[in-house]
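Comments concern the structure below.
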Amino acid sequence: MIMPRGLVEGDRLMDNDDMVLVSVDDHVVEPPHLFEGRLPAKYVDLAPQFITRADGTNAWVYEGTEIGKVALNAVAGRPKEEYGMEPTSFAELRAGG
């Protein structure tokens, strides 16, 4: 048998079942409690605040600016037909593991 370059007789070839797929394009979605209990007391009032709007969507408020789309493109595990500008709230996210 001709061995691939760099391998010698007795070396094990890679088995596709041994491969682990790691996505390098996933997005991290900060949890609503990210800053709770993690800042020195003098900075607590300066931390971003997670809010739920009257329409049920979520936003971060930081230095007076409201930043919506807290989970934009958090679509892992959803069919491509469901991709869009959602989810707009944490309630719509799939649970992590």
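Identify, please: which residue in region 63-79 is surrounded by fewer than 13 Cβ atoms within 10 Å (Cβ to Cβ) and either among the polar types (S, T, N, Q) or part of a strand (DSSP E or B) (or both) and is, among those, modelled with the lowest pLDDT?
67
Just to verify a result, which residue in region 30-74, among those that are small (Gly, Ala, Ser) and touching an Asp or Glu at 6+ places or on another chain (Cβ under 9 Å), is nearest to residue 91 (Cα to Cα)? Write out each step before concluding.
Restricting attention to region 30-74, the residues satisfying the condition of being small (Gly, Ala, Ser) are 37, 41, 47, 54, 56, 59, 64, 68, 71, 74.
Now drop any that are not touching an Asp or Glu at 6+ places or on another chain (Cβ under 9 Å), which leaves 47, 59, 71, 74.
Details: 47: 22, 59: 13, 71: 10, 74: 12 Å.
Filtering region 30-74 for residues that are small (Gly, Ala, Ser) and touching an Asp or Glu at 6+ places or on another chain (Cβ under 9 Å), the one nearest to residue 91 (Cα to Cα) comes out as 71.
The values are calculated or read from the model by the stated rules, or taken from the named source; none is laboratory data. This is a predicted model, so every value here is computed, not measured. So basically every Cβ, Gly included, is an ideal-geometry build from the backbone, and we count neighbours across all protein chains shown.
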